[in-house]
Amino acid sequence: MEQTGKDSLLIIDDMPHHLKLLQHYLQQYDFKVYLADSGQMALEMLDNDTFNPDLILLDAIMPEMDGYEVCRRLKVHDKTRDIPVIFMTSLWEIQDKMSAFSVGASDFLPKPFPPEELIARMTVHLELNKTKRRLNQEITTRNLNYQRLISLGQELEITAQWVGQRLQQQFQQLQPTLANLLASKKPQYNEIKQLFKSAESKIDDILFIANSNTSALEKQRLNTQEIVQSILTPLKTKYPQLKVNFPDTWIDAEGAFIWVKKIWEILIDFSLRQAGKNVQLTINNELFDSTVRFSLKNNGTALNKSQIAALLNYREKTKETEMDNELFLIRYLVEKCGGEFSIENRGLIGNTFYFTLPAALDFGNTYNRYLSLSV
């Protein structure tokens with residue numbers, strides 16, 4: 001079993017000939033071997049900041065300070081507590097083994113032992129310790145990166161709030177000028193008004209995201225029916241011809257209330273404007289395992305593939321369609337809630353918008369009610 005990388009070993013034994021035999025044998029496997037003929041000598045060597053062996057072979061029976069006391073002292077210091085310790089002893093009783101493990105030993109090897117077994121056990125513990133160090137380093141690195149991400153997220157949140165508020169103030173200052181332009185009733189000024197509305201909508205989205213601190217948003221059981229009804233009720237005046245078909249039973253989802261309500265607000269608003277005056281909406285929900293799949297279908301002109309791709313894109317606008325991605329915030333919020341967003345259509349009329357959310361925690365009872373009403 002060939003060793004590479006020159007792992008360093010400290011052998012602690014009060015018998016000089018044992019030390020020399022082990023040193024001669026282990027050096028053949030390219031180990032760097034250090035010797036100590038007493039527990040006190042070993043502790044003094046380990047007090048040196050530059051000396052940090054990869055593994056310790058420790059004799060259990062020694063005068064003045066035995067191996068158990070040496071190991072106990074090693075395990076109380078940060079510098080040495082993680083070094084694997086293999087006990088070497090002529091004691092065979094189970095109690096001796098238990099005593100060794102109780103003070104922090106990694107292994108117990110009764111004398112006399114075959115040299116090949118010693119190498120095999122050392123190799124296992126050296127590899128385990130290297131793996132442990134790598135994992136600890138990875139955990140430390142990930143924790144640092146996580147803290148950096150939190151810090152960056154807080155900075156971006158503050159920046160977004162500042163940008164959104166500044167833009168909002170500037171648009172408010174421009175409102176009187178816009179009103180004067182519209183009073184002239186020139187057709188091009190209506191285009192300016194639409195641009196202003198689109199820009200204001202995007203500023204509202206920026207402020208909404210910036211003010212929705214993820215760490216402060218708690219998941220909760222959501223009454224989907226109440227959320228949808230609260231959005232549709234004020235729209236009856238603006239859309240007197242509106243017809244809405246509701247599901248026979250509503251399935252409660254789980255998520256952050258302000259995010260889920262915003263998803264429904266944007267989706268309903270887009271569906272209504274896309275369908276026109278005589279709009280008809282069909283809302284449904286289905287339970288799949290622990291997920292609720294919501295759907296909203298309108299009777300507007302079917303979107304083509306390029307338009308659907310644009311609305312599902314992460315960018316605000318695509319070069320192919322030059323279409324504003326009004327549903328960008330929906331996809332962002334749905335995915336933040338652990339769901340997915342999609343769009344489908346069949347034929348020339350009607351578009352169906354889907355999104356999934358986690359079902360409420362007691363979805364088993366909800367599922368039973370759902371089955372009983374759908375039979």
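The values are calculated or read from the model by the stated rules, or taken from the named source; none is laboratory data. None of the values given here were measured: they were computed from a predicted structure. Backbone-built Cβ (ideal geometry, glycine too); neighbour counts: all protein chains shown. Keep in mind that these areas ignore ligands, DNA and RNA; they rest on the heavy atoms of the full protein, side chains included. Shrake-Rupley method; radii C 1.70, N 1.55, O 1.52, S 1.80 Å.
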Amide H of residue 300 versus every other amide H placed in the peptide plane: which residues, excluding those fewer than 5 positions away on the same chain, fall under 5 Å?
350, 351
Highest mean first, how do 96-109, 52-65 rank when packing is the count of other Cβ atoms within 10 Å averaged over residues?
52-65, 96-109
Roughly how much of residue 236 is accessible, in Å² to the nearest 10, using a 1.4 Å probe?
130
Using amide H atoms built 1.01 Å from N in the peptide plane, name the residues 5+ places from residue 291, or on other chains, whose amide H lies under 5 Å from its own.
359
In nm, the gap between the two label points placed 7 Å beyond Cα toward Cβ at residue 223 and residue 40 is 7.9
Over segment 233-317, with the other protein chains present, what is the accessible area per residue in square angstrom, probe 1.4 angstrom?
53
I need the calculated FRET efficiency for the pair residue 295 and residue 130, taking r as the beta carbon distance and R₀ as 41 Å, to the nearest 0.05.
0.15
Taking 7 Å along the Cα-to-C-beta vector as the label spot, tell me the residue 51-residue 235 distance in nanometres, rounded to one decimal.
7.8
In whole percent, the Cα-Cα distances of segment 16-70 spread across 10 Å bins from 0 upward as 21, 54, 25, 1
Flagged links, alpha-carbon separation over 21 Å, of 97/130; 243/277; 243/297:
97/130
Stretch gain in nm, segment residue 79-residue 280, where the contour uses 0.36 nm per residue and the Cα spacing is subtracted
65.2 nm
What spacing in nm lies between the two simple spin-label points modelled at residue 342 and residue 305, each 7 Å away from Cα in the Cβ direction?
1.6
Give the accessible surface of segment 17-108 per residue, rounded to a whole number of Å², with probe radius 1.4 Å and ligands, DNA and RNA excluded.
54
Ordered by residue, what ³J(HN,Hα) values in Hz, to whole numbers, does segment 337-353 give under the Karplus form 6.51 cos²θ - 1.76 cosθ + 1.60, where θ = phi - 60° and Gly and Pro are x?
7, x, x, 10, 10, 8, 9, 9, 8, 9, x, 9, 10, x, 10, 10, 10
Percent carbon-and-sulfur accessible area, segment 1-121, ignoring ligands, DNA and RNA, probe 1.4 Å:
53
